[in-house]
Amino acid sequence: MKQVSDLMSMDLVTLSPEHLCYHAMLKMHEHYLRHIPIVDAKGDLVGIISDRDVKQKLTENLNIEDANQSEMEWMLQPLEELMSKAPVTVYPDENIKDVVRLFLNQKISSVVVLPRDSQKPAGILTETDLLRLLQSHL
């Protein structure tokens, strides 16, 4: 049976809580990402930002009468104010079947992979990774 470590992406792009929303948007665009783990100065996981978080915040703060000003203010917000502070995590040795169930039950599209003895992200597993697995079996 496949484990998380068989499918997870280990080439992580991370940002800090002090980075701005603008930085997250750039990294997502530059690396074709939809999720970026947020780590503190020690490299420990403290949150995650998704393209959905960014889009939702943009539409909430959009001021039609002064769109340029409201967009600029929003893009300069630190990620600490936008990120999900309790990201769903899994271990590298977990069974993929169990993780798929987690995705479905919690209606999530990614999980951060943490070693059992650390809070430093080892990778990320996304719905795209799971779809690749499904495709390989069709």
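Do any helices (runs of 4 or more DSSP H) lying entirely in the stretch 1-61 carry at least 2 residues that are in contact (Cβ under 8 Å) with a residue 40 or more places away in the chain and within 13 Å of the chain's Cα centre (by Cα), and which ones are they? Working first, answer last.
Numbers: elements: 4-7, 21-31, 51-61.
Because the criterion is at least 2 residues that are in contact (Cβ under 8 Å) with a residue 40 or more places away in the chain and within 13 Å of the chain's Cα centre (by Cα), the helices (runs of 4 or more DSSP H) in the stretch 1-61 that meet it are 21-31.
Of all residues in the stretch 89-110, those that are part of a loop (DSSP other than H, G, I, E, B) and within 16 Å of residue 5 (Cα to Cα) total 4.
Is at least one residue of the stretch 111-118 within 18 Å of residue 14 (Cβ to Cβ), of a type outside the set (A, V, I, L, M, F, W, C) and in a loop (DSSP other than H, G, I, E, B)? Checking the stretch 111-118: at least one residue is within 18 Å of residue 14 (Cβ to Cβ), of a type outside the set (A, V, I, L, M, F, W, C) and in a loop (DSSP other than H, G, I, E, B). Of everything in the stretch 34-84, what is exposed (fewer than 12 other Cβ atoms within 10 Å of the Cβ) and at pLDDT 95 or above? Give them in sequence order. Within the stretch 34-84, 41, 42 qualify. Please indicate, with yes or no, whether at least one residue in the stretch 95-104 is acidic (Asp, Glu) and in contact with a strand residue (DSSP E or B) (Cβ under 7 Å, 6 or more places away or on another chain). No, because not a single residue in the stretch 95-104 is acidic (Asp, Glu) and in contact with a strand residue (DSSP E or B) (Cβ under 7 Å, 6 or more places away or on another chain).
Residue pairs whose Cβ atoms lie under 9 Å apart, separated by 6 or more positions or on different chains, with the first residue in the stretch 76-99 and aromatic (Phe, Trp, Tyr) and the second in a helix (DSSP H, G or I), are 91/4; 91/5.
The values are calculated or read from the model by the stated rules, or taken from the named source; none is laboratory data. From a predicted model like this one, the values you see are computed outputs, not experimental measurements. Note: ideal-geometry Cβ built from the backbone for every residue, glycine included; neighbour counts use all protein chains shown.
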